[in-house]
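Visitor: Dropping the structure in here first, questions after.
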Amino acid sequence: MDHRMERAESMFTGTSRSKVIADIEFQPGTIIKVTGEGYSYAREGQQTLELNSITSLPVNFGIVGTLIQTSFRMYTLYPGNMIYDFFKTSFPGTMNVEMKGVFSDGMTMDSVCTLSFVNGTLICRCQMKFDNLNSDGICVSEELTPTLPSFENIHQGDTADEVQTWMDLVWGVGDGSRYSCRLDTVVKCGGNFAPCHHFIGHDFKLTEKSANNMHFAQKVKSRATRINYYKNSQ
């Protein structure tokens, strides 16, 4: 494990570049390509991602962009040595991310992403599919707020080299209500070791979103933490 950690530290030193190539199906037979680039400071737990679509998306880009951005967990800050960083230590190998989202209005999302380094750039290739999309629903509304801060639950998966996570992504609505997505994720990396149960806090900051829903940019700060229920009080 120590060797993996040392190698990961060297790979994610300084500024890391990333690239997204995504094919998204919103209706049967209707696939829209979304591409983009980003950069991060992994040791500070900060990343920025900018995405573009060739046509206006039928779902608010704030939803689509946040779902894609959650795949980049390797940019999370893991302070000290209290928790094994499964996500950074998955490289220079390949990470597979399977996501399933269930939205509060019944819309669902399934996604499979593959992340790997190519010539020093972390490339995310993503296949995403939405079902039960209501063209007049909240998911289309431009009144949605930026993604609210969230906490992600991280625990070991069904095999030693697999991690399972869940979190609630939430957006505010103009009438004061909330629109949400329960996001369940399985992250796999052959030969790696799943960490102990812990949490990741994500703080999202929308920096740009075009009125025609074809451009999106967002920053996120992510930090891991662990709750020790048995630590003696001083």
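Visitor: Within the chain, which cysteines find no other Cys whose Cβ is under 4.7 angstrom from their own?
Guide: Lacking a cysteine Cβ partner under 4.7 Å: CYS124, CYS139, CYS181, CYS189, CYS196.
Visitor: Within 10 Å, count the other beta carbons around each residue, average over each peptide in 190-199, 68-77, and list them highest first.
Guide: So the peptides 190-199, 68-77, ranked by packing, come out 68-77, 190-199.
Visitor: Work out how much length PHE193 to ARG125 would gain on full extension: take 0.36 nm times their residue separation and subtract the Cα-Cα distance, in nm to one decimal.
Guide: 22.1 nm
Visitor: Using the beta-carbon distance between THR108 and ARG223 and R0 = 25 Å, what value does 1/(1 + (r/R0)^6) give for FRET efficiency, to the nearest 0.05?
Guide: Taking R0 as 25 Å, the efficiency between THR108 and ARG223 is 0.30.
Visitor: Among the listed pairs LYS100/LYS221; LYS88/LYS221; LYS100/LYS188, which have their C-alpha atoms separated by more than 18 angstrom in this model?
Guide: Beyond 18 Å: LYS100/LYS221.
Visitor: Along each of the three principal axes of the Cα atoms of the chain, give the extent in whole Å, ordering the values from largest to smallest.
Guide: 51, 46, 32
Visitor: How long is the gain from PHE151 to TYR39 if the chain were fully straight, where each residue apart is worth 0.36 nm and the alpha carbon distance is subtracted?
Guide: 38.1 nm
Visitor: Starting from the alpha-carbon convex hull of the stretch 117-230, give the projected area averaged over all orientations, in nm².
Guide: Average of the hull's projected areas for the stretch 117-230 equals 10.6 nm².
Visitor: A follow-up question, please. Any chance you could run the full-extension gain for THR30 through SER210? It's 0.36 nm times the residue separation minus the Cα-Cα distance, nm to one decimal.
Guide: Taking THR30 through SER210 to full extension adds about 62.6 nm, to one decimal.
Visitor: Over the C-alpha atoms of the stretch 77-149, what are the Rg and the largest Cα-to-Cα span, Dmax, in Å?
Guide: 16.8, 48
Visitor: Taking 7 Å along the Cα-to-C-beta vector as the label spot, tell me the ILE21-ASP168 distance in nanometres, rounded to one decimal.
Guide: 3.8 nm
Visitor: Another one. At 222 nm, what value in deg cm²/dmol follows for the chain if DSSP H runs of at least 4 each add -39500 (n - 2.57) and the sum is divided by all its residues, to the nearest 500?
Guide: -2500 deg cm²/dmol
Visitor: Still on this model: Would you mind pulling out the separation of the Cα centroids of the stretch 178-192 and the stretch 15-33, in Å?
Guide: With the stretch 178-192 and the stretch 15-33 each reduced to a Cα centre, they are spaced 17 Å.
Computed from the coordinates by the stated procedures, all read-outs in this text should not be read as laboratory data. A quick note: this is a predicted structure, and the numbers were derived from the prediction, not measured. Neighbour counts are summed over all protein chains in view; Cβ atoms, including those assigned to glycine, are modelled from backbone coordinates with ideal geometry.
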